[in-house]
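The values are calculated or read from the model by the stated rules, or taken from the named source; none is laboratory data. Everything numeric in this text was worked out from a predicted model, so none of it was measured. Positions of Cβ are backbone-derived with ideal geometry, glycine not excepted, and every protein chain shown enters the neighbour counts. The accessibility values were calculated without ligands, DNA or RNA, using every heavy atom of the protein model including side chains. Shrake-Rupley method; radii C 1.70, N 1.55, O 1.52, S 1.80 Å.
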Amino acid sequence: MEEVVRLTPPINKGQIERLSAGDKILVDGFIYTARDMAHKRLVDSLPDLPFPLEGQIIYYTGPTPPRPGYPIGSCGPTTSLRVDIYTLPLLAAGLVGTIGKGSRGLAVIEAIKKYGSIYLVAIGGAGAFLSKKVLASELVAYPDLGCEAIFRLKVKDFPCYVGIDSRGNDILQVSSFEGIERERTLVIIKPDGVSSRLVGEIIKRFEAEGFDIVEVKMVHLDQESAGHFYQVHQDKPFYQGFVAFMSSGPCVVMVLEGEGAIKRVREIIGHTDPKKAAWGTIRRDFATDIRYNIVHGSDSPATAKAERDFFFGPDQRV
Ligand code: CMP
């Protein structure tokens, strides 16, 4: 049977040190809920907080109202990246654990190491199941925030995994387990992506997958530079029309860095032909035509370097 570690706040640093990324945890006792709005207020009111942080766990959730006879409604985890900017001062003030969903930014990982704390991940989409692990719920602060107020939950056997341990090992970074290297790739949000106001949505998807933007700018290619960039396609029948399209308006070009970036970014973008692209990919969700396919990603390390240099190198062409 899989080994399970039980945690009952307040937790001390010794207990945290023994935990490793990937460990299965059952939390018993009391934890506090807070989403981004409540976090802002907590940080603004430091050091006078509505509850003592020392050794405690904050769970990123906004529970739905309870059905009659139950202590709480659905209480699944929300995306942790939203509260990243508030996490550092709270860890510095004694908070030991956080529970949420998805990856954390580099600054939070460094703070977890610095303060010897822990990030736990709960099962996204399982809010109804998790609510069965809550025995009682008590309002602690900010009632005007409704479901985003701070509640103290009494939990029993609340299941989660160690997402990031106190040494900074992170189960959400694929490379920790598969030895995939960090690399850089070039992405272009094409004129149709910019004119459809999809720049933010597209960047959000890459960032949510843990990629860092290391270079970015907006460019309006002329016919000559668009033709040069896509010269490998110059014998193809679609070349002239495609070059005209690529120079028809501004593009956003960026270099993304992350584990296995070249392959993974192309997976997130999807098949060249949006009709053949997998569900949930950028092209499937937003593009309709093989020419107007919203976004481009380099297809090999050599291409990624050449394409990066085209836009950002010392001899950049645009
Ligand atoms: P991308 O893979 O980013 O780079 C080459 C582009 O050429 C491709 O995206 C499409 O936008 C475009 N393209 C590829 N095949 C066709 C086609 N059959 N007709 C029109 N445009 C195409």
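Each row is one residue, and each column tells you yes or no for (1) outside the structural domain of I213 (by TED's automatic domain parsing); (2) near the ligand (Cβ under 9 Å from one of its atoms); (3) acidic (D, E); (4) more than 19 Å from V216 (Cα to Cα).
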| site | (1), (2), (3), (4) |
| --- | --- |
| Q231 | no, no, no, yes |
| A244 | no, no, no, yes |
| P250 | no, no, no, no |
| I269 | no, yes, no, no |
| T272 | no, yes, no, yes |
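Considered as a group, the residues in segment 272-306 that are more than 27 Å from the chain's Cα centre (by Cα) and small (G, A, S) include one that is nearest to G241 (Cα to Cα), and that residue is A306. Among residues of segment 288-305 that are under 17 Å from V216 (Cβ atoms) and of a type in the set (A, V, I, L, M), those with a beta-carbon under 6 Å from a residue that is in a strand (DSSP E or B) and more than 9 Å from the ligand (Cβ to nearest atom) at least six positions away or on a different chain give the pairs V295/I189; A304/T185; A304/L186. Within segment 270-284, identify whether any single residue is crowded, with 20+ Cβ neighbours inside 10 Å and over 24 Å from G210 (Cβ atoms), and answer yes or no. Checked segment 270-284: at least one residue is crowded, with 20+ Cβ neighbours inside 10 Å and over 24 Å from G210 (Cβ atoms).
Among the numbered criteria (1) touching a residue at least 12 places away in the same chain (Cβ under 8 Å); (2) more than 9 Å from the ligand (Cβ to nearest atom); (3) under 22 Å from G313 (Cβ atoms), which one does R284 miss? Tallying (1) touching a residue at least 12 places away in the same chain (Cβ under 8 Å); (2) more than 9 Å from the ligand (Cβ to nearest atom); (3) under 22 Å from G313 (Cβ atoms), R284 fails exactly one: (3). Filtering segment 221-235 to residues that are touching a helix residue (DSSP H, G or I) at 6+ places or on another chain (Cβ under 8 Å) and open to solvent by 90 Å² or more (accessible area, probe 1.4 Å) leaves Q223, Q234. Using beta carbons and a limit of 7 Å, which pairs, at least six apart or on different chains, have the first residue in segment 244-266 and part of a strand (DSSP E or B) and the second one of a type in the set (G, A, S)? From residues that are part of a strand (DSSP E or B), the pairs are G258/G210; E259/S175. Within segment 169-220, being modelled with pLDDT of 95 or more, in a loop (DSSP other than H, G, I, E, B) and open to solvent by less than 80 Å² (accessible area, probe 1.4 Å) holds for K190, S196, L198.
So that you can scan it fast, the table gives a plain yes or no per residue for (1) touching a residue at least 12 places away in the same chain (Cβ under 8 Å); (2) more than 23 Å from the chain's Cα centre (by Cα):
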site: T8; (1), (2): yes, yes
site: N12; (1), (2): yes, yes
site: E17; (1), (2): yes, yes
site: D23; (1), (2): yes, no
site: L26; (1), (2): yes, yes
site: L42; (1), (2): yes, no
site: S45; (1), (2): no, yes
site: L49; (1), (2): yes, yes
site: L53; (1), (2): yes, yes
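Of the numbered criteria (1) open to solvent by less than 60 Å² (accessible area, probe 1.4 Å); (2) assigned to a helix (DSSP H, G or I), the one F158 fails is (2). Of V318, V199, all but one fail to be touching a residue at least 24 places away in the same chain (Cβ under 8 Å), within 31 Å of the chain's Cα centre (by Cα) and either away from the ligand (no atom under 14 Å from the Cβ) or closer than 13 Å to V187 by Cβ (or both); the exception is V199.
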